[in-house]
Structures are given as structure tokens and as C-alpha cells.
Amino acid sequence: MENIKDFITKRQSIYAVLAALYRGDLDKVLKISEEVSVFKDFLIEKGYTRDIIEEIKMNREKLLEDYESLFVGPASILAPPWESVYETEDRLLFGESELQVRRFYRNFGLDVSKKEPADHLAFQLAFMSRLCFIEDYADSSKVKKNIKGQIDFLNNHLLSWTYKWYDEVTENARTKFWRDISGIAVRWFKEDLMDLNNVIKSVK
């Protein structure tokens, strides 16, 4: 179980940093990356050839401007970071998938304000990080429940829309930073799902 704990704990950190990124909190990403190397090592492992710490320090304002135009507005949002936008041609918020996400959160003890669309990418990533927090690895039923929750959430939510969202990031991003990291994240979701399916088989 110790190997499983190491695997889950590493993923908890990766999802937490990705959540901070897509909240636009580059200062937090920088702080975490300077304190521990998990996310930096993850990017290197996935072929990211630049030093994320130096990149953020040197280009912070440019990266935040690109973040705003891609994911926030105030004009048309170029790559909307909400699942429900991608489920219909009308591209409306608070669609059926948003309700499903909200219910999923609630099943694991998390409530999101009704004023906020619960299907925002940053919320979904933070939720995955939350599911990676397992207090008692000796309780295999709880470990299985959390891992199964992660598998279901990846299958039914993160992997159901982020490839469409990434197409819009690729088309509209002005910086390699958002294009490259978003591509790494979306590809990793698929790899992570495969790894989790293998790991759950070994939980006795």
C-alpha cells in the first residue's frame, strides 16, 4: 500500500498545482514550484523543456494577460473553462453537466456556491486533488472508494470535454506556456485514468 500512497500523493500535488494554474494564481504555482519539485519534475517528464519557475518570473504579466483573454474575458472568452459550454451548440453555462458535477462533488462531501458554475476546470482539478487525500491507507474500502471516484470523474467529466477545450486553447493562445501546459494536462488525464485502473486492481 506504500507504493499506492506515494503514487496518489504525487498526483494530489500535480492536480493542486494545475487547479491553481487555471484559477490564474501564478504566484501560488511559483511558490509551490520553488518549495517542492513535483510539478516541475512532472512537466519535464512530459517533455516540457523550459524552467517553469523562470518562465513565470520572466513573463508573469504576459502570461496573466493571455490567461484573461483565454479563460476570463471581459470580451468574448476564447477558451471557456466550463464543461457545460461544450455540451450544446448554444454554449451555455449551468447546463446538465454542471448539475451532474455538483452532485458528484456532494457525494464526496463538497459543496460549491450556487452562484459559481461548479464545472469550471479549476474546480474539477481541485476536486481531483481533494480525492487524492486519503487519511487511512489501512482502510482498503476507503482507498477503493476514492480511487473509483477519481476514475469515474475522469471518465464522465474531465475527459468528456477538455480535448474540445484544448482545441480552443491551441487556436487562441498567444503564449506557448498555456498551449503547452494545457496539452500536457489533457494528455495526462488519459494516462492517469489508465494508471488508476491498474492501481485499483492491486488494492486488496
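The values are calculated or read from the model by the stated rules, or taken from the named source; none is laboratory data. The structure presented is a predicted model; accordingly, all values stated were derived computationally and were not measured. Counting neighbours? That spans all protein chains shown, and the Cβs are built from the backbone with ideal geometry, glycine included. We work out accessible area using only protein heavy atoms, side chains counted, and drop any ligands, DNA or RNA first. Shrake-Rupley method; radii C 1.70, N 1.55, O 1.52, S 1.80 Å.
Less than 5 angstrom separates the built amide H of Arg23 from none of the residues sequence-distant by 5 or more or on a different chain.
Given N residues in segment 30-140, what is Rg(Cα) / (2.2 N^0.38 Å)? Mind showing how you got there, number by number?
Details: Rg = 17.4 Å, N = 111, 2.2 N^0.38 = 13.2 Å.
Expressed relative to 2.2 N^0.38 Å, the Cα Rg reads 1.32.
Among 100-109, 123-132, 178-187, sorting by the average number of other beta carbon atoms lying within 10 angstrom of each residue, highest first, gives 123-132, 178-187, 100-109. Considering only Thr170, Asn59, Ala118, the residue lying farthest towards the positive end of the dipole of the chain is Ala118, judged by Cα position with unit charges set on Cβ. Per residue of the chain, the DSSP helices (runs of n ≥ 4 H) give a summed -39500 (n - 2.57) that works out to -21500 deg cm²/dmol at 222 nm. Ranking of Lys190, Lys46, Lys10 by solvent-accessible surface, largest first: Lys190, Lys10, Lys46 (1.4 Å probe, protein heavy atoms only, all chains present).
Averaging the sequence gap over all C-alpha pairs within less than 8 Å and six or more residues apart, then dividing by the number of residues, gives segment 17-123 a relative contact order of 24 percent.
Among residues other than Arg50 with Cβ under 10 Å from its Cβ, the summed charge is -3 (Lys and Arg +1, Asp and Glu -1).
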